[in-house]
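Note sheet for the following structure.
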């Protein structure tokens, strides 16, 4: 009961009962066969008023806190008393059993730990292999990107060269069309001149024929 007697009362109005009295009532009730789960402030209050003449005006809420503490202390004191009552041989056997159980449990944990480490190592190696594969694939993709960039530069240069050649061809076509138009214009002038010459020569020929065939006029042969 040392823990109960050692507790200090906290602030507020001091109760009209002591922790020792509450503990004694709780111990007596348990000793009489009352289950600890059924002991509450109302039961302890009745016993306090009967055994110590405590005023019935005490608050159940405050008393319940003392009852709970007394029940906890009683359980601890009972456990300590039971352990002290054990014979030394039994205590030694328990210690030996606990030591063996501890070693068995430690071995179980060690095996589980070794298995977990092996699995973790396997997973780590798999992840490292996947990482290496990923790096290799990234290097391949980067090389492919560089190749595509180079191909694009070559295609761009080829396109620019083709466009330049097309511009040159268009310029040559334009110049040829200009020359053709110029020649067509000159040919038109020649055709007009030939037409005029032909027309003029035909008229002279007709005039000469008319003059030769007219009566009263001597022909050039008779002359």
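Miscellaneous remarks
- Distance between the pseudo-spin-label points of residue 97 and residue 143 (7 Å out from Cα toward the beta carbon): 7.0 nm.
- Efficiency of FRET between residue 77 and residue 130 - r from beta-carbon atoms, R0 41 angstrom, step 0.05: 0.10
- Modelled spin labels at residue 151 and residue 88, positioned 7 Å past Cα toward Cβ, are 9.3 nm from each other.
- Taking each residue as 0.36 nm, the span from residue 166 to residue 111 lengthens on full extension beyond its C-alpha to C-alpha distance by 11.7 nm.
- Of the peptides 54-65, 132-143, the order by per-residue mean of other Cβ atoms within 10 Å, starting with the highest, comes out as 54-65, 132-143.
Any read-out appearing in this document is the output of simple, stated calculations on the displayed coordinates, not a laboratory observation. Being a predicted model, the structure only gives us computed values, none of them experimental. Glycine gets a Cβ as well: all are built from the backbone with ideal geometry, and neighbour counts include every protein chain shown.
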